[in-house]
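The structure appears right after this line, and notes come after that.
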Amino acid sequence: MVYWLRAGLWIACLSWASVALAIDVGDDDDTYNEGFNPGYVGEEDKEWKEDAVHLPPWPSADALIQVDLSMPGFPYTLFIDGNTLSVGEDRVVRYTAVLRSADGVDNVSYEGIVCNRGKVKRYAYGSRGRFRPVRRTEWRFVRKQGQDRYRDQLIERYFCPLPGGDLEAMKAGILARLKAGNNPY
């Protein structure tokens, strides 16, 4: 009798374990899904492909938008060049960032951010009025500390989630957020 009782409990435990393993607990990448994240029911799995990247012209002073970071202790003022901001078919927000030190020295870079992944890629550094491509550039996660803090703020307050509409409407929405000083959503 005891044997059958133990066997019954064992079978019941295995049944509950298999049910628990079959439950879909979701995916952390859903935070900022812009429609190209594979794995949704009824959606084809498709491999993400990054658009070709062409370096933009050097930023002009009249197109720089000062970004309110509200980060005590961050030693730079951030500007985004409104002329180079774009949203690609691959849903990457590309932009020229100008980090200006208190001494007036500019650190210029051309970068891209993927909202639904929280990743950044630096395409080029700028100096003496021109961009120099980064030799080995790859996507990496944005950290919440160090110099990456401004990128984290761009993701959290300005770029993501991407505004609705076509690519130009997305760009216009991001520019409006940058000029307003926060993410109104």
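Bear in mind these aren't lab numbers, they're just calculated from the coordinates by the rules spelled out. Because the structure is a prediction, the values reported are computed rather than measured. All Cβ positions, even for glycine, are placed from backbone atoms using ideal geometry, and neighbour counts span all protein chains on display.
Examine the stretch 120-129 for a residue that is closer than 20 Å to Arg177 by Cα and either touching a Leu at 6+ places or on another chain (Cβ under 8 Å) or surrounded by 15 or more Cβ atoms within 10 Å (Cβ to Cβ) (or both), and state whether such a residue exists. Please lay out each step first, then the result.
If we filter the stretch 120-129 for residues that are closer than 20 Å to Arg177 by Cα, which is where we start, we get 120.
So of that shortlist, the ones also either touching a Leu at 6+ places or on another chain (Cβ under 8 Å) or surrounded by 15 or more Cβ atoms within 10 Å (Cβ to Cβ) (or both) come out as 120.
The answer is yes; a qualifying residue exists.
So which strands (runs of 3 or more DSSP E) are wholly in the stretch 67-116 and hold at least 2 residues that are within 16 Å of Ala52 (Cα to Cα) and in contact (Cβ under 8 Å) with a residue 24 or more places away in the chain?
Values: elements: 76-81, 92-101, 106-114.
It comes to 92-101, 106-114.
Testing Arg132 on (1) farther than 18 Å from Gln153 by Cβ; (2) in contact with a Lys or Arg (Cβ under 7 Å, 6 or more places away or on another chain), one condition comes back false. Which one is that?
(2)
Any residue in the stretch 135-142 that is crowded, with 19+ Cβ neighbours inside 10 Å and not acidic (Asp, Glu)? First the steps, then the outcome.
Initial filter on the stretch 135-142 (crowded, with 19+ Cβ neighbours inside 10 Å): 142.
Narrowing further to those that are not acidic (Asp, Glu): 142.
Within the stretch 135-142 (the criterion being crowded, with 19+ Cβ neighbours inside 10 Å and not acidic (Asp, Glu)), the answer is yes, since at least one residue qualifies.
Looking at the stretch 157-180, is at least one residue hydroxyl-bearing (Ser, Thr, Tyr), part of a strand (DSSP E or B) and either free of Cβ contacts under 8 Å to residues at least 24 places away in the same chain or in contact with a Leu (Cβ under 6 Å, 6 or more places away or on another chain) (or both)? Spell out how you get there, then give the answer.
The first filter runs over the stretch 157-180 and keeps only residues hydroxyl-bearing (Ser, Thr, Tyr), leaving 158.
Now narrow it down to the ones that are part of a strand (DSSP E or B): none.
No; the residues of the stretch 157-180 include none that is hydroxyl-bearing (Ser, Thr, Tyr), part of a strand (DSSP E or B) and either free of Cβ contacts under 8 Å to residues at least 24 places away in the same chain or in contact with a Leu (Cβ under 6 Å, 6 or more places away or on another chain) (or both).
If a residue must be surrounded by 20 or more Cβ atoms within 10 Å (Cβ to Cβ) and either of a type in the set (A, V, I, L, M, F, W, C) or touching a helix residue (DSSP H, G or I) at 6+ places or on another chain (Cβ under 8 Å) (or both), how many such residues does the stretch 78-92 contain?
Step one: of the stretch 78-92, the residues surrounded by 20 or more Cβ atoms within 10 Å (Cβ to Cβ) are 78-81, 85, 87, 91-92.
Add one more test, that the residue is either of a type in the set (A, V, I, L, M, F, W, C) or touching a helix residue (DSSP H, G or I) at 6+ places or on another chain (Cβ under 8 Å) (or both), and what stays is 78-81, 85, 87, 92.
Here the count works out to 7.
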